[in-house]
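The block underneath contains the structure these notes are about, expressed in structure tokens.
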Number of protein chains: 2
Amino acid sequence: MNKEKEDRRVIYTKMFLRESLLELMKNKPIGKITPTELCRHANINRNTFYSHYDSPEALLGSIEEELYERIKHSLEQTLKTGNIPKFLSEICQAIYMNGDLCKTILSDYGDKAFLKRILDLAHDKSISAWKASGISEDMERLELLYAFSTAGSIAVIEKWIQDGMKLSPEEIAVFIGKMLQNSARNLKSK
Amino acid sequence: MNKEKEDRRVIYTKMFLRESLLELMKNKPIGKITPTELCRHANINRNTFYSHYDSPEALLGSIEEELYERIKHSLEQTLKTGNIPKFLSEICQAIYMNGDLCKTILSDYGDKAFLKRILDLAHDKSISAWKASGISEDMERLELLYAFSTAGSIAVIEKWIQDGMKLSPEEIAVFIGKMLQNSARNLKSK
DNA sequence: TAAATAATCAACAACCAGTTCGATAATTTT
DNA sequence: AAAATTATCGAACTGGTTGTTGATTATTTA
């Protein structure tokens, strides 16, 4: 990434903007947050904001990108092995570790597509694993199964976060694992 | 509902506004559609729009409400029986029947919550059916199971629509039925 | 045809979006 | 420490949207 050390002023500015945006996102979706509003809250000149980002959406994008890369990196090893249950477990763990940030980004007003992007890291592995285990040869069915599985998993994770992450990451991962196992098996026993 | 027959002008005005909104929603989410833009497209005075609706969101709300009531009504009988597979099948059928409208409302730029609202008509029936079959007594688990099931079902339906509704409503319903089948069993064999 | 209702038009003040400018302050380099 | 660089700021400006007003015109209904 960008290794050139940034001016201290820039670092502070971006920090204030990031925190303000996440704060505002607790009350309204990103699309309803204006640059003016954001800058007022962050006590940053609107001009300064524009010299760093094109829009609040772009700022959110950069926040998400950083989180995405962080999580992706932590999943790298497991991803290679194709061990889906472990993959899910580590995702839950990573979310748990980045609790504050995830609570906002994955909330009602957050970005519904973010978590999907992460699960999609294992899209190909999932499909080929199902194919190998003889669940189906029909690509369309497998994609439907994948759509069902990921959406269901995301919903469970979101509900988990929404309810205050009372269960442990491991418990949630085990639960999702059971759900997935069942869906796949049902498709097979046609 | 409001049975007073409306002025013909009012009917036309609302018709133009509805069609324009659905047209614009093919290209951008509701939150990004301004009253000005909508009225220009519909060739309706902005003032007239405000005399009927508070915002584009409110207009969409009224469109959705009408569709919701229509679908809800067609599900009434089945809902009483608690026959979930038939319930799902009829939902798919209803979506198929209202294809044009659903394509927009349930698209990427549409309202993610709409379909959930319909499925939620069977929330209590689902939970109590699971409870009766002894899957679990733990309410939290049951709610997680419900979250997983509905989100997965919605994803499959949305993908079905997105891919052009090539499969028949019945085929999709059967597929979803399989996914949901025995989601219990796994949870049970804890 | 007259009365009631609806749509239109024009104009309003308040706000936001981006952009430019020059002044000021902080930081880095020499 | 002084000079050069860079970031922030405040102000101003154009062009746009918002939601509301009151007056006017067209349509419907009685």
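For segment A:144-162, the tally of residues that are more than 8 Å from chain B (Cβ to nearest Cβ) and more than 15 Å from the chain's Cα centre (by Cα) stands at 1. Taken as a whole, the structure places B:ARG18 among residues that are over 30 Å from B:MET179 (Cα atoms), among the charged types (D, E, K, R) and in contact (Cβ under 8 Å) with a residue 40 or more places away in the chain. For B:PRO85, the conditions (1) surrounded by 14 or more Cβ atoms within 10 Å (Cβ to Cβ); (2) within 13 Å of DNA strand D (Cβ to nearest atom); (3) modelled with pLDDT under 95 all hold with the exception of (2).
How about segment A:1-90: which helices (runs of 4 or more DSSP H) wholly inside it have at least 1 residues that are within 30 Å of A:ILE172 (Cβ to Cβ)?
Per the criteria, A:8-24, A:56-81.
Identify the residue in segment B:14-34 that is surrounded by fewer than 16 Cβ atoms within 10 Å (Cβ to Cβ) and near DNA strand D (Cβ under 10 Å from one of its atoms) and, among all such residues, is farthest from the other protein chains (Cβ to nearest Cβ). The extreme case among them is B:THR34.
Among the criteria (1) at the interface with chain B (Cβ under 7 Å from one of its Cβ atoms); (2) surrounded by fewer than 20 Cβ atoms within 10 Å (Cβ to Cβ); (3) more than 18 Å from A:CYS102 (Cα to Cα), the one A:MET179 does not fulfil is (2). Here's a check for you: in segment B:30-63, which residue that is more than 21 Å from the chain's Cα centre (by Cα) and under 21 Å from B:ASP100 (Cα atoms) is nearest to DNA strand C (Cβ to nearest atom)? Among residues in segment B:30-63 that are more than 21 Å from the chain's Cα centre (by Cα) and under 21 Å from B:ASP100 (Cα atoms), the one nearest to DNA strand C (Cβ to nearest atom) is B:ALA42. Return a yes/no flag: does segment A:113-128 have any residue that is within 13 Å of chain B (Cβ to nearest Cβ), small (Gly, Ala, Ser), assigned to a helix (DSSP H, G or I) and closer than 26 Å to B:GLU143 by Cα. Among the residues of segment A:113-128, at least one is within 13 Å of chain B (Cβ to nearest Cβ), small (Gly, Ala, Ser), assigned to a helix (DSSP H, G or I) and closer than 26 Å to B:GLU143 by Cα, which makes the answer yes. Listed conditions (1) assigned to a loop (DSSP other than H, G, I, E, B); (2) away from chain B (no Cβ under 14 Å); (3) crowded, with 19+ Cβ neighbours inside 10 Å are all met by A:GLY110, apart from (2).
Can you say whether A:MET25 is within 16 Å of DNA strand C (Cβ to nearest atom) and within 16 Å of the chain's Cα centre (by Cα), as far as the supplied structure shows? Yes; evaluated as a whole, the condition is true for this residue. Remark: pairs (first residue in segment A:33-51, within 14 Å of A:ILE11 (Cα to Cα); second residue near DNA strand D (Cβ under 9 Å from one of its atoms) and among the aromatic types (Phe, Trp, Tyr); Cβ separation under 7 Å; 6+ apart in sequence or on different chains) = A:ALA42/A:PHE16; A:ILE44/A:PHE16.
The values are calculated or read from the model by the stated rules, or taken from the named source; none is laboratory data. In this text the structure is predicted, and so the values were computed from the model without any measurement. Here the Cβ is made from the backbone with ideal geometry for all residues, glycine too, and neighbour counts use every protein chain on show.
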